Amino acid sequence: MLRNAIVNLPRTKIQFNFVRNAQKRYPKVDKKLQAAAESLAARGFLRPNKPWDPPVNINETILKICTDNGLKPNSEFETLDVKFKVLKACFEKTGHSVPNSLLHTIENVEDLQEFYDTPVDVLTPFDALKKMELPKNLHVQEDYVRFHPDKDTLFNGKSAFPKSSTIVSGLKTRKKYEGYTAKRSWP
């Protein structure tokens, strides 16, 4: 018991020093930005969002909805009922809703305008790279070919790496690609 406590003590001290140094090294970040970064780190970039390209007159539309519900252009939401009514009216008018993870960031009309003025791009970085105009010496191969000795007709099943197996480890890629185990010359 005492032995485990002594072994675990340096790790705890190292972890404490790392956190303390990280807090000194980096400036304080806005709470909204920090919450968004933590949310993105937890979910990753493949989110089930719908794409949104804001119309030209979106700010006027949001201001009209807010004034119809008794809000001034620079005012905050007085109650949650008013906030709910405004957000519901914005969704009905535009078809773009505020996700649950961002509801707490919208505190006033300016935040609401900023949210609806921000475009949402749902492309993954790989999909964006495929659509970009790349330099002449750089190519993105979308549907790559995996070698399998039974199905390879170009070189009659001969591999450039004869003792290397092709292991398919991903669940999605197992359906698309077939792996094989190479024959070894030793027992």
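What follows draws every value from the coordinates through simple rules; no lab data is involved. Just so we're clear, the structure is a prediction, and the values are computed from it rather than from any experiment. Glycine also receives a Cβ, built like all others from the backbone with ideal geometry; neighbour counts cover every protein chain displayed.
Taking amide H positions as placed in the peptide plane 1.01 Å from N, state which residues far from Gly179 in sequence (5 or more) or on other chains have amide H under 5 Å from it.
Answer set, sorted by chain and number: Val168.
Extension gain Glu92-Thr105, at 0.36 nm per residue separation less the Cα-Cα distance, in nm?
So the extension gain works out to 2.6 nm.
Could you run the Karplus curve 6.51 cos²θ - 1.76 cosθ + 1.60 with θ = phi - 60° over region 134-139 and give me ³J(HN,Hα) per residue in whole Hz, x for Gly and Pro?
Couplings: 9, x, 5, 8, 10, 10 Hz.
For Lys93, list the aspartates and glutamates whose Cα falls under 14 Å from its own Cα; do not include residues on the same chain fewer than 8 positions away.
Glu60, Asp68
Below 14 angstrom from the Cβ of Lys72, what's the summed charge of the other residues (Lys, Arg +1; Asp, Glu -1)?
Residues near Lys72 contribute -3 overall.
Can you tell me, using C-alpha contacts under 8 Å and at least 6 residues apart, the relative contact order of region 136-187 as a whole percent?
Relative CO of region 136-187 lands at 30 percent.
Pop the C-beta distance of Lys175 and Glu76 into the FRET formula with R0 = 45 Å and round what comes out to the nearest 0.05.
Working: r = 51 Å, r/R0 = 1.13.
Calculated transfer efficiency: 0.30.
When the label point is put 7 Å from the Cα of Ser185 along its Cα-to-beta-carbon vector, which residues of region 152-170 have a backbone N closer than 17 Å?
Answer for this model: 158-165.
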